[in-house]
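Bear in mind that the values in this text are calculations on the coordinates, not laboratory data. Note that this is a predicted model, so its numbers are computed, not measured. When we count neighbours, we look across all protein chains shown, and the Cβ atoms used for this are built from the backbone with ideal geometry, even at glycine.
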Amino acid sequence: TPLRGQGKSPAAPQVDVDWSGYLDDELSLPKAKKQSSQIAKELSDLVIYVQAIKFRGLNTISPNSSVRCKQRVAVVAATTSSVMLKKGSGSSVTLASSGSPGASVVDSHSSHSKQRPNSNHPCYQTSSLNENSAKKLCRKQPHALVAHTETQLVRTYPAGMRIDSSNFNPVIFWAFGIQMVALNYQTDDAASHLNAAMFEQNGRCGYVPKPPVMRDRAHMMYRRFNPWEKEFDGLHSSHLILNLISGQYCCPIAPTTPPAPIVVEVELVGIPVDCSKQRIKNPTRNYVNPVFNETFFFKVMFRDLAFLRFNVLDQSTNHILTQRVMPLKCLRPGYRHVRLRSAQNQPLPLSSLFVCSRTEEESLDGAREARGAIQEVRPDASTLLPGVKRRMFFLMVYGVVPDEPYTILKITQESTTHEVILQALTKAGVATERAGDYVLVEEVARGWGGREKDMPASQRVLDPQERPLQAQAQWQGVGKFLLKRLGDDPSSRAWLSSIRSTRNVKQARTWDEADNFLVCVYNVSPEIPYAILKVPLSACAQDVLAQALVKARRLEDPVRFVLVEELEWQNGGNRVQRVLPDEENIFRTQAHWQTIGRFILKEREVRKSGTLRPALDRLSKGLSATLSDPTTTAKAKFPLSGLGRRASSREPGTTQREVHSEGETLSDDDGDLRTAVARLKRVSLRKLKVWKS
């Protein structure tokens, strides 16, 4: 080429050419980075990565309940991701030197995260617990552990003392919501068979959803489920009736001479109250087609974590010949063949058990029977008529036990309000003879929409013979049942007359009647001990005070008074008072009363009178000492009785005005007080020292 020919010409001055510019341009060109990673993307996508952190305590606060918690979680997530990238890069260059916005956020919060660890970890962080530590948490903090595993990953592993590579029962940890239960995979025992059956129910995809009681906020047993308990008010228990008919090739090994007898063991594995084990009564030496014809009864309290295990055992050595473990909810009712497996959980082509199963939901009559009665064989159990049994329903009643927000009661469709009240009093430990002092109130929102939810809910007292389930079916909004105690005081009568409605009154109330209610206020005036007022539903404390003063004909400013709420607990032995804020809604406050209560009108200065009274007494003594001095004039009279601000301490001869004109700035009491203060300023220092001593 011509360029190549010019480059070869000896006359061309090639020695003086500066190549630095070309070298700089060549260095500035982007170079392809050398791929040093040995990770295959296809295989990496199959792996679920989690970050292991140290367990620093339980976290019972859900991130969904607070925006502040969400912001903290985002900050911790950014910090953790930067740390992971720094560890994986293998160089001393950090992300903070890049000047990105994420790096500045990490730097600003790094010191805070070191000082105070955040309990709301990101979802990809997991903490590992030893078997003994996990059991300790399960025993001491059962509800807190279930709440913690709702938002955080937890892993548990066998203890180091298991030198024989044995395993523990994983069901108890699943019952507390622990997601990852590690087992010794090299050991084929009952625990590994349970673990395999747990994940076989959805095609071995590796994930099984938790029971609704642990994740569904609408469940009545949410945050109340404790696997250690023996009875659960909000869970439907069931009775499993299993008839073991026969077997086929129960032992794949060639029989010995003579053949050893075999027995079939049926075991129910679940939470502690559900664990049960039964065997056939007559062992057999027939391995090919034995006939059993025996029936087993099991009571299941928590069906979601119940497993049914069949074991064919050698009676002489008690060794497992064949077995099968399956979730109870995967066992179909009726006549079925249960395919057996070997002791290593390998399928056997011919071995099976022929069974017939059915499940009956526990009725209310069955719940009243003895606990062990269901395990007895009843020949006429299948001949019972369906109409004899009553299906059980759960009813949530608020205000039964002070320590619980609501109490779950077991009722039927025919249960009346009187029966519900008797059952609630039994739960609360109150004598049933006092059932007449309590009423069942339904509180229902005015609609399903958002606008109706903001309005005060309507209340109605249920009749003693009314059925609560039928009343609940007619609700037109979110509602609940309240148990309230009534009294013979005017406040209880006013509240009861404002919300009571009978069955005979079916016509709708007018607009004015629907938007008002009755409230009783005590200590309105010396002549009126209490007053029953008709106020709107939106009335606050100051509105009720103003109407009470008008009814008592007291032309005073309502700001000078407060409304005190007094609740009576423990049969009048304990009275609790609370000063209501000026803007608090009276209807909502009165609707949440769980016992006898009343509103009392008091002055704001009444709470401070106990501290001002000694000072006023000392001031009166000082003024008396001043008047006793002969050097002072005797013409000036000090109204010592007016310093106490009470009408009872005034002299009977003096007259005080009771009505003041509007716009008047100085009253008689204020004028007398100013005169007394001016007179006190002219007292000598010597007299003040005598008064203080």
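The table for this structure:
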quantity	calculated
Least to most buried among H148, H236 (fewest other Cβ within 10 Å first)	H236, H148
Taking all pairs of distinct alpha-carbon atoms in the stretch 516-603, Kirkwood radius in angstrom	13.2
Alpha carbon convex hull of the stretch 195-259, volume per residue in cubic angstrom	213
Residue exposure sequence - C356, C520, C205 - by fewest surrounding Cβ within 10 Å	C205, C356, C520
Relative contact order (%) - the stretch 516-603, alpha-carbon pairs under 8 angstrom, separation at least six	34
Label-point separation in nm, Q476 to N130, each point 7 Å along Cα→Cβ	6.3
The stretch 238-361, relative contact order [Cα under 8 Å, separation at least 6], %	35
Centre separation in Å (Cα based) which lies between the stretch 299-354 and the stretch 142-177	25
Semi-axis lengths, Å, the stretch 122-214, gyration tensor of Cα atoms, sqrt of 5 times eigenvalues	21, 18, 12
Fewest-first ranking of W569, W448, using other Cβ atoms within 10 Å as the exposure measure	W448, W569
Translational diffusion of the stretch 238-361, µm² s⁻¹ [Kirkwood Rh, Cα pairs; Stokes-Einstein; 25 °C; 0.890 mPa s]	167
Above-threshold pairs, the threshold being 28 Å between Cα atoms, out of K210/K427; K210/K410; K140/K230; K54/K140; K136/K484; K135/K480	K210/K427; K136/K484; K135/K480
